[in-house]
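Enquirer: Let me begin by handing over the structure; questions about it come next.
We did not get these values from a lab; they are worked out from the coordinates using the rules stated. Everything quoted here is computed from the prediction, not taken from an experiment. Ideal geometry is used to build each Cβ from the backbone, glycine not excepted, and the neighbour counts take in all protein chains shown.
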Amino acid sequence: MLDAAQRLVERAGGLSVNLENLSYPDILKEAGVARTSVYREWKTKEDFYVDLLCDLAGPSWQGTAAFDEKTIKIARDIVADRVAELQEPAGREQLLRDVVRVAAQQNFDALMSSTAWRTYVALSATVMGLPDADSRQRVLAALQEAERTFIRNMAEFYADMATVLGFRLRAHAKSFDVVAAAGASVVEGMGLRRLLAPELVDRPLDVEGPHGAEQWHLAAFSYWTILQGMIEADPDYDYAKALATYLKRLAQRELAAGVH
């Protein structure tokens, strides 16, 4: 039933604030189960809908990895294709700029096409309006679990990039969790702005870079300006050691994820 409801939400383009686009008979039909069987699990439709909200809010649907795996892959591929540039400070600086410029736009584009994200926004905005206190707390807990999962995985990604690209946190940033939270807020906030003012958000920015003009998406450049205030070049960077550590971490993560 929960899987069937998720498919219907996906087809509808996201969750409406009041669940009106989810008909209980349609969910029964989609799931292919008898009403009598469902009532052994959920005594009322309201019980089912609360479980559904928790399911949509939590990692079950929002995901247990970083938000967009294609973004992670793009960043890693850029580094792999230009690994020789890591040997010089100027090369690392330019590589970092290009990783952010390309990967942050991919992340933004993925966000805008994500039914899961639109549902997450709807639930986050309306969870405190649920009339039943117990239901409200359950849905809120699911949202918080999804957020912790996202922040943890993005922080790991930033730590990997810091190792190979030769930067470290500034003292006031304290942890990559802070970077992940700030970065996500900028990109997701820009996503909400795009819904209302796409002509402003999607207008390319021509930015003067170290090697000439660069074209940036507003979401990517906004993220870059935030990132600059939280990181700095690592004066103790060792190319060979950094690359070996980075590759070892990637291998460990792929092994843990079952990637061969």
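Enquirer: Among Ala257, Gly212, Ala240, whose Cα projects farthest towards the positive end of the dipole of region 196-260, with charges put on the beta-carbon of Lys, Arg (+1) and Asp, Glu (-1)?
Expert: Checked the options; the winner is Ala257.
Enquirer: Here's another thing I want to ask about it. Mind listing the phi-derived Karplus ³J(HN,Hα) values for region 140-157, rounded to whole Hz, using 6.51, -1.76 and 1.60 with θ = phi - 60°, and x for any glycine or proline?
Expert: Each residue's phi maps through the Karplus curve to give 4, 4, 5, 4, 5, 5, 4, 5, 4, 4, 4, 4, 4, 6, 5, 4, 4, 4 Hz.
Enquirer: Could you work out how far helix 115-126 tilts from the main Cα principal axis of the chain, as a 0 to 90 degree angle to the nearest 10?
Expert: The helix 115-126 is inclined about 70 degrees to the chain.
Enquirer: What shape does the chain take by its C-alpha gyration tensor, where a ≥ b ≥ c are the square roots of the eigenvalues and a/c under 1.5 counts as rounded, a/b above b/c as prolate, and the rest as oblate?
Expert: Since a/c reaches 1.5 and a/b is larger than b/c, the shape of the chain is classed as prolate.
Enquirer: Which of Ile74, Ile151, Ile226 sits closest to the plus end of the dipole of the chain, meaning its Cα is farthest towards the positive end, when Lys and Arg get +1 and Asp and Glu get -1 on the C-beta?
Expert: Working it through, the farthest residue towards the positive pole turns out to be Ile151.
Enquirer: Rounding to the nearest 20 debye, state how big the charge dipole of the chain is about its Cα centre with +1 on each Lys and Arg Cβ and -1 on each Asp and Glu Cβ.
Expert: 400
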